[in-house]
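My questions all concern the structure below.
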Amino acid sequence: HYDPASYEWNESVGTGNLTIVSNVTSTVDYSVNTVLSNGTAYGGLDFVNDAAYYQATFAAGSSSAQVGVVIIDDTDIEEDEMFEGMLVLGDLHPDLEGRVVIGSPDTATITILDNEPKDITVQFDQTEYSVAENGGFVSLQLIADKPAPVGGYSVMISFADGSAAGLQDYDNMSLTVFFDEGQTTATADVKIIDDTILERLETFTGQLSLPEGTADFIKIGPRDTATINITDNDAVEVNFDPSIYSVCENDGSVELILVANASASYGYSVTVDTFDVTASK
């Protein structure tokens, strides 16, 4: 059986040894085999597994043997990974047939400890973005200080109203942004809603967070919040309506009516100047 039944090897170990022990010694050599199987670590990618089995020989008089497993050192940032070895009988001397059995534990668990610097910091590339109301969308760029690991990872952006209102001025649905393996940048597009209302500059904010279950080495950086400014593209035209008025001289005053071709989200004023034609001030 294996002793111990679990191992932790650094990814840079080169060759790790599994130890197999017997409760008695033998006067002749015999062997047992280890069959390797994938877990989160994969043969050919994380460890060498190019044979059907790997043999460990108990020399005559010895109660222990070792089998070496070659670990592949890569440059990927990844979670610690595991695979297993299982004991099966190997070549036996005729005198030992039926007398050597596999005991417990017959399975060894090997964990490969990643040796790359792990922490990856993700944040907005800037803290403020501007977009015209008729721009269609605003692109928010996220940057990471290291390439994404094997399998990539996701970050989330949630939005909060400022003077801009969700579903009226922008699409406030939360976004999930994926960093594929090797990527250091990713972009999220937020839809901007164009209306016909005269408005002042409007703002909303985006907030970064990590989905549940994200690897511990993925971190959100200090630029975790961004302000988005929406500049208005509307204009209001104000005219007299009607354009000609009649008044009796003894009426005292005349009321002039002004109309605008669009509404506004805030009040404003216009100045009416008069000038002489045939009547004098």
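The values are calculated or read from the model by the stated rules, or taken from the named source; none is laboratory data. The shown structure was predicted, so the numbers you read here are calculated from the model rather than taken from an experiment. Cβ sites come from the backbone with ideal geometry, for glycine too, and all protein chains shown count toward neighbours. Heavy atoms of the whole protein, side chains included, go into the accessibility calculation; ligands, DNA and RNA do not. Shrake-Rupley method; radii C 1.70, N 1.55, O 1.52, S 1.80 Å.
Collect the residues in region 71-99 that are part of a strand (DSSP E or B) and within 30 Å of Ala148 (Cβ to Cβ), keeping them in residue-number order.
Scanning region 71-99 gives Ile71, Glu81, Met82, Phe83, Glu84.
Going by what's in this entry, would Val122 be described as open to solvent by less than 50 Å² (accessible area, probe 1.4 Å), in a strand (DSSP E or B), more than 23 Å from Glu11 (Cα to Cα) and in contact with a strand residue (DSSP E or B) (Cβ under 6 Å, 6 or more places away or on another chain)?
Spelling it out, Val122 is indeed open to solvent by less than 50 Å² (accessible area, probe 1.4 Å), in a strand (DSSP E or B), more than 23 Å from Glu11 (Cα to Cα) and in contact with a strand residue (DSSP E or B) (Cβ under 6 Å, 6 or more places away or on another chain).
Within region 196-210, work out how many residues are charged (D, E, K, R) and either open to solvent by 30 Å² or more (accessible area, probe 1.4 Å) or over 30 Å from Ala235 (Cβ atoms) (or both).
Adding up the residues that qualify gives 1.
Okay, moving on. Enumerate the strands (runs of 3 or more DSSP E) found wholly within region 215-281, keeping only those where 1 or more residues are surrounded by fewer than 12 Cβ atoms within 10 Å (Cβ to Cβ) and not charged (D, E, K, R).
Strands (runs of 3 or more DSSP E) meeting the threshold: 238-240, 258-260.
Can you tell me which residue is farthest from Ser265 (Cα to Cα) among those in region 149-176 that are without any contact (Cβ under 8 Å) to a residue 40 or more places away in the chain and aliphatic (A, V, I, L, M)?
The selected residue is Leu175.
OK, next. Between a residue in region 24-42 that is over 30 Å from Gly151 (Cα atoms) and any residue that is open to solvent by 80 Å² or more (accessible area, probe 1.4 Å) and in a loop (DSSP other than H, G, I, E, B), which pairs come within a Cβ distance under 7 Å, given they are 6 or more apart or on different chains?
Tyr30/Asp91; Ser31/Asp91; Asn33/Tyr53
Quick one: in region 52-75, of everything that is within 24 Å of Leu113 (Cβ to Cβ) and out of contact with any Leu (no Cβ under 9 Å at 6 or more places or on another chain), which residue is least open to solvent (accessible area, probe 1.4 Å)?
Ile71
What do you reckon, is Val101 in contact with a strand residue (DSSP E or B) (Cβ under 9 Å, 6 or more places away or on another chain) and open to solvent by 40 Å² or more (accessible area, probe 1.4 Å)?
yes
Of all residues in region 82-102, count the ones that are at pLDDT below 95 and of a type outside the set (Val, Ile, Thr).
Residues in region 82-102 being at pLDDT below 95 and of a type outside the set (Val, Ile, Thr): 11 in total.
For (1) assigned to a loop (DSSP other than H, G, I, E, B); (2) open to solvent by less than 40 Å² (accessible area, probe 1.4 Å); (3) farther than 20 Å from Glu116 by Cβ, each residue gets a yes or a no:
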residue: Leu142; (1), (2), (3): no, yes, yes
residue: Pro147; (1), (2), (3): yes, no, no
residue: Val150; (1), (2), (3): yes, no, no
residue: Asn172; (1), (2), (3): yes, no, yes
residue: Gly182; (1), (2), (3): yes, no, no
residue: Ala188; (1), (2), (3): no, yes, yes
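Next question. From the list Asn115, Asn49, pick out the single residue that is open to solvent by 30 Å² or more (accessible area, probe 1.4 Å), in contact (Cβ under 8 Å) with a residue 60 or more places away in the chain, polar (S, T, N, Q) and not in a strand (DSSP E or B).
One residue alone meets the criteria, Asn115.
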